[in-house]
Structures are given as C-alpha cells and as structure tokens.
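Everything below concerns the one structure shown next.
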Amino acid sequence: MEKKLVNGFPFVTYSKESFELEEMKQRAQAFYEWMDKRRTVRDFSDKPVPKEVIDNIIKAASTAPSGAHKQPWTFCAVSNSEIKKQIRIAAEEEEYESYNNRMPQEWLDDLLPLQTDWHKEFLEICPWLIIVFKKIYEPTEEGKKKNNYYVQESVGLASGFLLSAIHHAGLAALTHTPSPMNFLTKILDRPAHEKPFLLIPVGYAADECLVPELNRKELDEIAVYYE
Ligand code: IYR
C-alpha cells in the first residue's frame, strides 16, 4: 500500500483482488447459493454465543459504505437478561396494540402465511439482541449539529451486511420491527440524535425450527438487462 496526496488529501493505492474467469463464475454462484440458505428465523435456542463473535459481526456491518463516509450507525448488543426482559415487555405491549388496533386488515392478511403475532418470546430466549440505531446528525462539542447524509440508505446497507455476517457465522437472525420503536431509546438510554432502526435477535436456530415455505422471485422477475 502506497500513500499519495490528491489535492492535499491522503489517498492510498488499492489493489482489488480479482479472480480468473472460471473461479469468478464459481465464486459468484457459490455465494448466491450460500446466501439463498439464509432464512429469517423466529425459533431460537438459548445456547450462548461468545461476545467475540458479536464483535466481529458488528465490525463486518460497519464496513458498509455510507454517505460521505459518516458511518451514521450505532449497534447496541444486549445479552443482559434484565434488559432483554424490559425490551420484550415493551415490544409486546406495542405489538399487541398493532396487531389488535393499528394494522389494517390487508396487512394482517399479508402476514398470515408467516403466522406472526404479538408474542415475542424470542426477545428473551435469544442470547443476543442487536439494536441498530441510525444517527440523524452528529452533535459537535460546541452544541451544533453536523449533518449525516443518506442515513436511511447507509444504515439499511450496514444492516444488510450485519445479516450476512450473522449468516456467515452459522447463526440465525430476525429483522424485527416492533412499531413504534421509541421504547428502545428509553430502555437503552440512547441520545436524541440516535433513532432505533431495527431490532435484530441473534442466536442459534432452535433444533425444531420451523420457517414458512416461501419461494424467492426468479431472476426475470427482479432484473432487467439492457445489453
Ligand atoms: N412488526 C410486526 C409485524 C410484522 C410486519 C411485517 I411487514 C413482517 O414482515 C413481519 C411482522 C412483528 O414483528 O410481528
């Protein structure tokens, strides 16, 4: 790696590793087949997962690109049972309201094949809950607000990387979206410039794990080529 200045700004040389054509094809296919094995899971084991694994999963997530490289995210990793219990109680209160009084019938009908409901026992069973927060802005020492850019896109990308890293480690996750989510700000004592984005339980899938039988769209339904 060589350091160079570009208009006075520090740059380094970057040699992107590439592969011979056959290996490239094989890797692209193998990666797709591996990613296709990821499923959203709701039946978790309480088997512990070492903190070191969570550290690396979060570090992998934080390699995602972000607007102006602001990295506008905070990942809160909870293994404390008392805090998990508080999160479960608050999430179930909101979810009970949502399922019974807030979600329109069309939405409830769309969720029927997934067989979800307001009970969220996995929030206590899972060894870890990772709560992704998006940072709307960055407070400065003088009490001003420094802008972040494309926050939604950036944190969405980091969350995708997070889910991939979890899958890569042989663990399972659920992209859980209790709504509204402000109880997480309170329980985790996060500052005002951070807003909850996703609540991601992480752990081993239970031995008797069931997931809905779903099909993914075919390539010609999701891609349009202009050659
Ligand atoms: N947040 C609720 C409802 C829910 C909504 C969607 I869209 C899903 O794909 C699944 C669930 C819950 O977590 O149960």
(message) Rounded to the nearest 10 Å², what accessible area does residue 15 have for a 1.4 Å probe in the complete protein model?
(response) 110
(message) Give the residue list of trypsin sites (Lys or Arg not before Pro) in segment 2-33 that are DSSP loop and have at most 15 other beta-carbon atoms within 10 angstrom.
(response) 16
(message) So if I place +1 on the C-beta of Lys and Arg and -1 on the C-beta of Asp and Glu, and nothing else carries charge, what would the dipole magnitude of the chain be about its Cα centre? I want it in debye, nearest 20.
(response) 1120
(message) Which one, 64, 173, 211, projects farthest toward the positive side of the charge dipole computed for the chain from Cβ point charges (K/R +1, D/E -1)?
(response) 64
(request) List, in order, the whole-Hz ³J(HN,Hα) value for each residue of segment 113-118 obtained from phi through the Karplus relation with A = 6.51, B = -1.76, C = 1.60 and θ = phi - 60°; use x for Gly and Pro. (result) x, 8, 6, 8, 8, 6
(message) About the Cα centre, and with charges only on the beta carbon of Lys, Arg (+1) and Asp, Glu (-1), how big is the dipole of segment 132-203? Nearest 20 debye, please.
(response) 140
(request) For n ≥ 4 DSSP H runs only, could you compute -39500 (n - 2.57) per run for the chain, divide by its residues and tell me the 222 nm figure to the nearest 500? (result) -10500 deg cm²/dmol
(request) Could you give the size of the charge dipole of segment 69-185 about its Cα centre, using +1 on the Cβ of each K and R and -1 on the Cβ of each D and E, expressed in debye and rounded to the nearest 20? (result) 620
(message) Could you work out how much longer the chain between residue 121 and residue 20 gets when fully extended? Use 0.36 nm per residue separation minus the Cα distance between them, nm to one decimal.
(response) 31.6 nm
(request) May I ask which residue of 197, 224, 40 lies farthest towards the positive end of the charge dipole of the chain, with charges of +1 (Lys, Arg) and -1 (Asp, Glu) on Cβ and the Cα centre as origin? (result) 197
(message) With unit charges on the beta carbons (Lys and Arg positive, Asp and Glu negative) and the dipole taken about the Cα centre of segment 13-127, which residue among 24, 90, 103 sits farthest to the positive side?
(response) 24
(request) Obtain the nm distance between the two label points defined at residue 177 and residue 28 by a simple spin-label model: each point lies 7 Å from its Cα along the Cα-to-C-beta direction. (result) 3.0
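The values are calculated or read from the model by the stated rules, or taken from the named source; none is laboratory data. In this text the structure is predicted, and so the values were computed from the model without any measurement. Note that we place each Cβ from the backbone using ideal geometry, even for glycine, and neighbour counts take in every protein chain shown. When the accessible area is computed, the model is the full protein with side chains, heavy atoms only, and any ligands, DNA or RNA have been set aside. Shrake-Rupley method; radii C 1.70, N 1.55, O 1.52, S 1.80 Å.
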